[in-house]
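To start, the structure under review is shown below, and the notes come after it.
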Amino acid sequence: MEKTKIILDCDPGHDDAVAILLAARDPGIELLGVTVVAGNQTLENTQRNARKVLQWCNCDVPVYAGCPGPLVREKIIAADIHGSTGLDGPVFPELTKPLENEHAVMFMIRTLLESQGDITVVTTGPMTNLAMAIRLEPRIIEKIRRIVLMGGSYTNGNVTPAAEFNIIADAEAAHICFGCGRPIVMVGLDVTRKALCYPEIVERMGKIGNRASDLFVALMGHFCRTQKEVFGWEGGPLHDPVTIAYLIDPSVLTLKPMNVQIDLRSTISYGRTNCDAFGYLQLPPTAEVAVDIDVQRFWDIVETGLRRYSEDDT
Ligand code: BDR
Ligand code: CA
């Protein structure tokens, strides 16, 4: 079976960490590199967190640090959810996994230019790195097989009534990426808010009893508590891993083509992903937007992904 080659651009982040866990070991995915951006926390924290997660799981995937802030707007972080480190909860051993010297944007450009046009770029944080790469070297555009992103919403946001975190954190970058003309799959809050990690899910994953499941349980302990404090959810929405679950089994999501435009102009709706679900604008679709998720299948994929780490213990 031909593997799906991906670059995972993220801002770990508890849910990013689970996305890394799933992507790093799936036999159908070739994770070429983890590129990191400021988002849930500062770049200093997010790049360290990516390395901590990969080291924890003995994964030899290189980590590249990218942009320390958005293209235009002021930086925002999500410390209320992810804590002062961006990955509060688990206790990690001393960090020995190195950070690559190459800048994440240069890694993206180099890797895409050298490719056969077969690389999927998955973004689970603000889209700053990819937008920078597109602006710096537009020849990469035709090399991107597609973009699969966690971000946006066609209903409500989670930072403002209109806007989701990854988009509002760098709306100009999202605008550049959504306008690049390559196939896009948008995995927004509309579906990720159905992937709620209830206590029974944490218990189910905990029973696996390997390094990855231990980390999952420790991560969710913090994440589900802050999600409850901030949003009142009984289970935290596990946003970012839905992108990887979709790559593993596309049937987990129902997609609908829509024209999607990022609101960069208005005040209270700044950062909204305007998704023309009913074709009012009569404009061509620019993205496949996830409108439904098979929740049971999603948790099965997560469980299978975590179980893959049991091989380490035998
Ligand atoms: C997104 O924002 C971040 O806090 C999460 O990691 C996820 O990528 C959800 O809005
Ligand atoms: Ca994220």
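The values are calculated or read from the model by the stated rules, or taken from the named source; none is laboratory data. Note that the structure is a prediction, hence the values are computed from the model and not measured. Note that we place each Cβ from the backbone using ideal geometry, even for glycine, and neighbour counts take in every protein chain shown. Just the protein is used for accessible areas: all its heavy atoms, side chains included, with ligands, DNA and RNA removed. Shrake-Rupley method; radii C 1.70, N 1.55, O 1.52, S 1.80 Å.
Have a look at THR120, THR96, VAL61 and report the one farthest towards the positive end of the charge dipole of the range 4-307, computed about the Cα centre with Cβ charges (Lys/Arg +1, Asp/Glu -1).
THR120
Just the accessible area per residue of the range 53-196, please: how many Å² with a 1.4 Å probe?
Result: 38 Å² of accessible area for each residue.
Search the structure for amide H atoms under 5 Å from the amide H of ILE29, placed 1.01 Å from N in the peptide plane, and list their residues when 5 or more places away or on another chain.
For ILE29, the qualifying residues are THR4.
If you count only protein heavy atoms and use a 1.4 Å probe, how large is the accessible surface of TYR270, to the nearest 10 Å²?
Accessible surface of TYR270 is approximately 40 Å².
Using the Karplus curve 6.51 cos²θ - 1.76 cosθ + 1.60 with θ = phi - 60°, work out ³J(HN,Hα) for each residue of the range 231-240 in order, rounded to whole Hz, and write x for Gly and Pro.
For the range 231-240, the Karplus curve yields 10, x, 6, 6, x, x, x, 8, 4, 5 Hz.
Indicate, rounded to the nearest 5 percent, the antiparallel portion of the DSSP beta bridges found entirely in the range 4-307.
On the way: 11 of 37 bridges.
Around 30 percent of the beta bridges assigned by DSSP in the range 4-307 are antiparallel ones.
Answer rounded, prolate or oblate for the chain, using the Cα gyration tensor with square roots of eigenvalues a ≥ b ≥ c: rounded when a/c is under 1.5, else prolate when a/b is larger than b/c, else oblate.
Verdict is rounded for the chain.
Which value, in Å² rounded to 10, gives the accessible area of THR111 with a 1.4 Å probe and all protein chains present?
Per-residue accessible area (THR111): approximately 20 Å².
Sorted by accessible area with a 1.4 angstrom probe, largest first, how do ASP294, ASP26 fall?
Largest accessible area first, the residues go ASP294, ASP26.
With a/c under 1.5 counting as rounded, go ahead and sort the range 194-314 into rounded, prolate or oblate using the C-alpha gyration tensor (a ≥ b ≥ c being the square roots of the eigenvalues; past the cut-off, prolate if a/b is larger than b/c, else oblate). Could the numbers behind the result be given before it?
On the way: a/c = 2.99, a/b = 1.78, b/c = 1.68.
Prolate is the answer for the range 194-314, as a/c is 1.5 or above and a/b outweighs b/c.
Rounded to the nearest 10 Å², what accessible area does THR267 show when all protein chains are kept and the probe is 1.4 Å?
Around 120 Å² of this residue is reachable by solvent.
If you roll a 1.4 angstrom probe over the protein chains with everything in place, what fraction of the accessible area of the chain belongs to carbon and sulfur, to the nearest %?
Of all accessible area on the chain, carbon and sulfur atoms account for 51 percent.
Determine the gain in length on full extension of the stretch VAL295-LEU113; use 0.36 nm per residue of separation and subtract their C-alpha separation, reporting nm with one decimal.
That works out to 61.9 nm of additional length.
For the range 4-307, what does the relative contact order come out to in percent, with C-alpha contacts under 8 Å and a separation of six or more? Mind showing how you got there, number by number?
Details: 703 pairs, mean separation 59.2, N = 304.
Answer for the range 4-307 is 19 percent.
Counting other Cβ atoms within 10 Å of each Cβ, which GluC sites (Glu not before Pro) in the range 77-106 have at most 13 and sit in a DSSP loop?
Values: sites: GLU94, GLU100, GLU102; in loops: GLU94, GLU100, GLU102.
Here the GluC sites (Glu not before Pro) that fit, given the DSSP loop and packing criteria, are GLU94.
Residue farthest toward the positive end of the dipole of the range 4-307, with Cβ of Lys/Arg at +1 and Asp/Glu at -1: which of ALA218, ILE293, ILE244?
Of the candidates, ILE244 comes out farthest on the positive side.
Let me spell out the model: positive unit charges on the Cβ of Lys and Arg, negative unit charges on the Cβ of Asp and Glu, origin at the Cα centre of the chain. What dipole size does that give, in debye rounded to 20?
Charge dipole, the chain, about its Cα centre: 380 debye, nearest 20.
Subtracting the Cα-Cα distance from 0.36 nm times the residue separation, let me have the gained length for GLU74 to ARG204 in nm, one decimal.
Contour length minus the Cα-Cα distance gives 42.8 nm.
Which of rounded, prolate, oblate describes the range 180-252, given a ≥ b ≥ c as roots of the alpha-carbon gyration tensor eigenvalues and a/c under 1.5 marking rounded, otherwise prolate only if a/b is larger than b/c?
Oblate is the answer for the range 180-252, as a/c is 1.5 or above yet b/c matches or exceeds a/b.
How far apart, in nm, are the 7 Å Cα→Cβ label points at LEU281 and GLU229?
About 3.8 nm separates the two model spin labels.
Which GluC sites (Glu not before Pro) in the range 213-314 sit in a loop by DSSP (not H, G, I, E or B) and have at most 12 other Cβ atoms within 10 Å of their own Cβ?
Qualifying residues, ordered by number: GLU234.
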